[in-house]
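**Student:** I have a structure I would like to understand better, so I am pasting it below and will then ask my questions one at a time.
The values are calculated or read from the model by the stated rules, or taken from the named source; none is laboratory data. Quantities reported herein were computed from a predicted structural model and do not represent experimental measurements. All Cβ positions, even for glycine, are placed from backbone atoms using ideal geometry, and neighbour counts span all protein chains on display.
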There are 2 protein chains.
Amino acid sequence: MIPTGSQPSQARVGSLAVGAPEQSASATRITPGNALRPEDIALAAARGAAKPSQDVAEYALRLGDDGLILAQRLGHWISRAPELEEDVALGNIGLDQLGHARSFLTYAGSAWGKTEDDLAYFRREHEFRSAHLFEQPNGDFAVTIARQFVASHYQFELYRRLVHSTDETLAAIAAKAVKEVDYHRDHSVQWVLRLAGGTDESRRRMIAGLALIWPYVGELFVDDALTARLGDAAVVPSTLRADFDAVTGAVLAEAELDVPAVPPAVGGGREGRHSEHLGPLLAEMQVLAREFPGASW
Amino acid sequence: MIPTGSQPSQARVGSLAVGAPEQSASATRITPGNALRPEDIALAAARGAAKPSQDVAEYALRLGDDGLILAQRLGHWISRAPELEEDVALGNIGLDQLGHARSFLTYAGSAWGKTEDDLAYFRREHEFRSAHLFEQPNGDFAVTIARQFVASHYQFELYRRLVHSTDETLAAIAAKAVKEVDYHRDHSVQWVLRLAGGTDESRRRMIAGLALIWPYVGELFVDDALTARLGDAAVVPSTLRADFDAVTGAVLAEAELDVPAVPPAVGGGREGRHSEHLGPLLAEMQVLAREFPGASW
């Protein structure tokens, strides 16, 4: 976390930057440098930029919810990882995911006159569009790594195609996200290899973690009417599957692990049907904002 | 979180970097750029660099524990802040604190043949040397801001003097930390002003938060035999008080708030006497590492 760039009006340390008071009512500004910020998206919308269509907004909601829910899960590791270094790494991955979510949700919300906070804190469970993978509990460290291994390989394949979206905003968000997710991917790969090649106990846990998570892989690659209608603005999920299988399969082979032969779980997250795990996560996430709606903190 | 620098052997995104496998058995590397890393400190110790004296190590332990405990507290906000943007900001501040803690603890541990993880996960409550301020519960958002307001002003005054320490490692850690803490300070100031000048409810909470936290200010500035013995290697705590009072007083005056007139709490953190709040925090932080000691994750 070091200062970069040379913006005279914004002093920065790491990714935390404090905007000049006259520029914003907010106490903090996240400044991802040359990438599109949620604030830029909100500002463009306020200035009359073309709003996303209902379909594009719904699509952005799906991607944003995936990142939002995953970020909540990863945040818990900040006090519980097996190494301090790993505390920091998972914390950073969580914050990256939250950053992507903020951009996608801001863009989605601009179609409906809602802010990212409206969408994060004031929707009910059946209005969330995340896939079941992301709401799966942390479990032990190996389960978290298995979930991250699947999540980041899926997101990498998705975002590297979405940079070519005919929707410029989706393309810009993906262009920032793909670079970060590429490193999340490397991080998970190195842990899969390390756990699989470590002690008997760590290998046993890695195998168990992958078996627990793999039923949620299928849902990520299911096409539906929305992705069909969106055409070149989006990415057809099923087209990602071959590359996902090839890359993850090669890693598992290197780790001398089998691709888990487990039946797929029932999905439905993209239509708002969730597992029993999402409700408690949302309750914790939303309690403060709901306790004082519009409190102008 | 954007790539900076140009180190060919280490690809980077934000503060998460993945080291080349032959350089390290660890899956992740934190690369704070031109600043001293915990890994550098550990490596220097392994190569026979002069070890810190027992006094310097004990002093580093105090500073490291302050950051470690505060980081745990702040990590919980990742799923609970009143705004997504604030989730990210508090998460980043927590990760900064954890980064400082890792450096201080690595240096302290080098005197005793212990790693940062040994010190974080395998000490008992009475062996922690953090001041009581840092273990105070998050409370509502205003309490967290009050705690952060005190913590970051104290740390800023401390670190900006510690950069002149005759101990080169302490000076180098402080040189990195002071830049980050300066922005933590700005962040807390802007929130104090915003909450005090917001709604009746937010002002009421800010006043209550400061009243709850202020009893823990005194302990931060208490001198003892250790700081006396250390001389110019450390900073005498009482010498920070005047500047702390002047700067925080000016902010409170701008916010039209009184400096809380509350009696000081009983301290003792520097000698390992803690409040009832530290035990549960440590239990959560240490459970995984203790469940599988030496499991070579």
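**Student:** Hey, can you tell me all the residues within the range A:54-85 that are within 20 Å of residue B:81 (Cβ to Cβ) and among the basic types (Lys, Arg)?
**Tutor:** Hits for the range A:54-85 are A:73, A:80.
**Student:** Just wondering, is there one or more residues in the range B:159-168 that are touching a residue at least 24 places away in the same chain (Cβ under 8 Å) and buried (at least 24 other Cβ atoms within 10 Å of the Cβ)?
**Tutor:** For the range B:159-168, residues touching a residue at least 24 places away in the same chain (Cβ under 8 Å) and buried (at least 24 other Cβ atoms within 10 Å of the Cβ): absent.
**Student:** Name the single residue that is modelled with the lowest pLDDT among those in the range A:133-149 being crowded, with 22+ Cβ neighbours inside 10 Å and farther than 14 Å from residue A:93 by Cα.
**Tutor:** Ranking the candidates gives A:141 first.
**Student:** Evaluate the range B:154-167: report whether one residue or more is modelled with pLDDT under 95 and away from every other protein chain (no Cβ under 13 Å).
**Tutor:** no
**Student:** Mind telling me which of the residues B:199, B:227, B:166 ends up being among the hydroxyl-bearing types (Ser, Thr, Tyr) and in contact with a Pro (Cβ under 8 Å, 6 or more places away or on another chain)?
**Tutor:** Checking each option against the conditions leaves just B:227.
**Student:** Taking the residues in the range A:219-244 that are aliphatic (A, V, I, L, M) and assigned to a loop (DSSP other than H, G, I, E, B) as candidates, determine which candidate is nearest to the other protein chains (Cβ to nearest Cβ).
**Tutor:** That would be A:235.
**Student:** Return the residues of the range A:75-133 that are polar (S, T, N, Q) and more than 7 Å from every other protein chain (Cβ to nearest Cβ); say none if nothing qualifies.
**Tutor:** Hits for the range A:75-133 are A:97, A:103, A:106, A:110, A:115, A:130.
**Student:** If you check every pair at least six apart or on different chains, which have Cβ atoms under 9 Å apart with a residue in the range A:175-186 that is within 17 Å of residue A:38 (Cα to Cα) and within 7 Å of chain B (Cβ to nearest Cβ) first and a residue that is among the aliphatic types (A, V, I, L, M) and assigned to a helix (DSSP H, G or I) second?
**Tutor:** The qualifying pairs are A:180/A:93.
**Student:** Can you tell which of B:186, B:182 is within 27 Å of residue A:71 (Cα to Cα), under 13 Å from the mean Cα position of the chain (by Cα) and at pLDDT 95 or above?
**Tutor:** B:182
**Student:** Taking the range A:145-163, which residues are closer than 18 Å to residue A:242 by Cβ and over 14 Å from the mean Cα position of the chain (by Cα)?
**Tutor:** Scanning the range A:145-163 gives A:160, A:161, A:162.
**Student:** For the range B:251-259, state whether one or more residues are part of a loop (DSSP other than H, G, I, E, B), away from every other protein chain (no Cβ under 14 Å), more than 24 Å from residue B:67 (Cβ to Cβ) and in contact (Cβ under 8 Å) with a residue 60 or more places away in the chain.
**Tutor:** For the range B:251-259, residues part of a loop (DSSP other than H, G, I, E, B), away from every other protein chain (no Cβ under 14 Å), more than 24 Å from residue B:67 (Cβ to Cβ) and in contact (Cβ under 8 Å) with a residue 60 or more places away in the chain: present.
**Student:** Given (1) under 23 Å from residue B:69 (Cβ atoms); (2) free of Cβ contacts under 8 Å to residues at least 60 places away in the same chain, where does residue B:286 come up short, assuming only one miss?
**Tutor:** With (1) under 23 Å from residue B:69 (Cβ atoms); (2) free of Cβ contacts under 8 Å to residues at least 60 places away in the same chain applied to residue B:286, the lone miss is (2).
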